[in-house]
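To keep things clear, I will list the structure first and then write my remarks on it.
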Amino acid sequence: MRAIRAALSQEEEETVPDPTRGVSLVMLSVATSIDALAVGLSFAMLHIRIWYPALVIGAVAATMTTVGMLLGTRLGSKFGRNTEIAGGLILILIGLNILVQHLRE
């Protein structure tokens, strides 16, 4: 929501906090580790060998990260604030979709 609000405001941002440093990086690392722990426990309970899923997950994550970085720099410089708004709205819609799916079950 903060990114959407910042993109909609007419003021130019003077300082943009770097999400790859400090508390943001620690929180992202903890969230990623908890996610990996949940997947690992799920695979263990299902008695799934880990090598093939780990290779597929790693390859897909690396590919999507690379594509996202390349598209992000190109689209960000071309469309600027509209890209930030679209990204924020897409994340909100994904969250709402997950919420609706869980509430239906």
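Any read-out appearing in this document is the output of simple, stated calculations on the displayed coordinates, not a laboratory observation. Since we're looking at a predicted model, the values are computed, not measured. As a convention, Cβ positions derive from the backbone with ideal geometry for all residues, glycine included, and neighbour counts pool all protein chains shown.
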Worksheet entry | Surrounding net charge for Asn82, when Lys and Arg each add one and Asp and Glu each subtract one, Cβ distance under 15 Å | +3
Response to the item:
Cβ-Cβ cut-off under 14 Å around Ser42, Lys and Arg +1, Asp and Glu -1: the net charge is 0
Practice prompt. Sorted from largest down, give the three principal axis spans of the alpha carbons of the chain, whole angstrom values.
Written response: 54, 34, 27
